[in-house]
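The values are calculated or read from the model by the stated rules, or taken from the named source; none is laboratory data. All figures in this text were calculated on a predicted structure; none of them were measured in a lab. Cβ: placed from backbone, ideal geometry, glycine included. Neighbour counts: every protein chain shown. Areas reflect the complete protein model, heavy atoms only, side chains present, ligands, DNA and RNA absent. Shrake-Rupley method; radii C 1.70, N 1.55, O 1.52, S 1.80 Å.
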Amino acid sequence: MNKITSIIILATAALFFAPAKAQTNVNLAPEFGGRLTVGIDKKITKGLHITLDEEIRMADNFGSLDRLQTTLGVKYKVLPFLRLGLGYALINPFDADSSLFSSPRHRLMFDLTGMWRFGDWAFSLKERFQLTRRTGDFNEYQNPPNAMTLKSRLMLKYKGFPKVEPYAYFELRNFLNAPVIVANYDGTYYYTAAGSRKGEAGWFLDGFNGSYLNRYRASIGVDYNINRSNALKVYVLADFVTDKVVDANAEGTKLKSYTREKGFVGTIGAEYVYKF
């Protein structure tokens, strides 16, 4: 038996006999929702615009109100092929139990967009870094107070028609600071392990430096430029979402579950923008 074969056998054995992570896969039922947005776009000077949007989102197969979101943004075209963006969003999730908007979230966004034109076809690559600040009471063992994500979007748009511009894009979202859970799991129960640094269930939170792709999104839509001041957009979104969900008590002593939830979310949306 040569050295390479021995290494392969030992590595395979280590995979089989190593303690399993406390994470299981959960497949969620498909869900559908809607978005309705009204916005304004104010041109300050050539290449510089200020935007303000108000958005309503529906969830649970259009059965419940999900959130109200107000977004203020600045866009500046520094070069013919490069645009910068900066934005702030106030997110008000709807609490169905109390029928109130509670625990708003604050989101900062920074965009960098590269644009290329080939005849009637327009390509763009957009990178967006966003930081979302949670407020109110939340479990620090389940969610970071400041969630950071990086979204990468590749878009193709056709500009050969007088007023209608169909488009399609594909987007990846990378969660940059997810909770990192270290736990022992025998397939059914969590069990105490010698040397555990926190908790009576043999687990501990090892920081918020877990990075993983948690959404694949595809979209098709149409921009309809009614005139120089009015524009309408209709679109559909298809989201394939994967979330690592931690269910622990607030004291950090018990880990109830650690699951990877996978599901599909379909969305129909419409947006009206007034430009001046």
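Quick check on my link table: of Lys126/Lys233; Lys75/Lys163; Lys126/Lys262, which ones sit more than 21 Å apart, alpha carbon to alpha carbon? Don't jump to the answer; show the numbers that get you there.
Numbers: Lys126/Lys233 19 Å; Lys75/Lys163 23 Å; Lys126/Lys262 25 Å.
Violating the 21 Å limit, Cα to Cα: Lys75/Lys163; Lys126/Lys262.
Near Tyr76, within a Cβ-to-Cβ distance under 11 Å, what is the net charge of the other residues, with Lys and Arg +1 and Asp and Glu -1?
Numbers: positive: Lys46, Lys75, Lys77, Arg83; negative: Asp111.
Overall, the nearby charge balance is +3.
Mind grabbing the accessible area of Arg35 for me, 1.4 Å probe, Å², rounded to tens?
Its accessible surface works out to 50 Å², give or take rounding.
At a probe radius of 1.4 Å, what is the per-residue accessible area of Tyr141, in Å² to the nearest 10?
Solvent-accessible area, nearest 10 Å²: 20 Å².
Under 5 Å between amide hydrogens, which residues at least 5 positions from Asp66 or on another chain qualify, with H placed 1.01 Å from N in the peptide plane?
Arg57, Met58, Ala59
Between Val222 and Val78, take the C-beta separation as r, use R0 = 41 Å, and let me know the FRET efficiency to the nearest 0.05. Write down the numbers at each step before the final one.
On the way: r = 28 Å, r/R0 = 0.69.
Efficiency computed from Cβ-Cβ geometry: 0.90.
Kindly state, to the nearest 0.05, the FRET efficiency for Ser103 paired with Leu156, given R0 = 41 Å and r defined as their beta-carbon distance.
Values: r = 38 Å, r/R0 = 0.93.
E(calc), rounded to 0.05, equals 0.60.
With labels modelled as points extended 7 Å from the Cα through the Cβ direction, what inter-label distance (nm, one decimal) is found for Asn177 paired with Ala238?
My value for the distance between the label points is 3.4 nm.
Straight-line reach from Lys254: which lysines have a Cα under 22 Å away, not including same-chain ones fewer than 8 places off?
Output for Lys254: Lys21, Lys198, Lys244.
Looking at segment 41-83, which trypsin sites (Lys or Arg not before Pro) are in a loop (DSSP not H, G, I, E or B) and have at most 14 other Cβ atoms within 10 Å?
On the way: sites: Lys42, Lys43, Lys46, Arg57, Arg67, Lys75, Lys77, Arg83; in loops: Lys46.
Passing both the DSSP loop test and the Cβ count: Lys46.
For a paramagnetic label modelled at 7 Å from the Cα of Phe110 toward its Cβ, which residues of segment 162-183 fall within the zone defined by backbone nitrogen distances under 19 Å?
Flagged as within label range: 173-178.
Calculate the FRET efficiency for Ala122 and Gln142 from the Cβ-Cβ distance with a Förster distance of 41 Å, rounded to the nearest 0.05. Walk me through the numbers before you get to the answer.
Details: r = 42 Å, r/R0 = 1.01.
The computed FRET efficiency comes out at 0.50.
If packing is taken as the average count of other Cβ atoms within 10 Å, what order do 216-222, 134-140 fall into, highest mean first? Walk me through the intermediate numbers first.
Values: 216-222: 15.6, 134-140: 12.3.
So the peptides 216-222, 134-140, ranked by packing, come out 216-222, 134-140.
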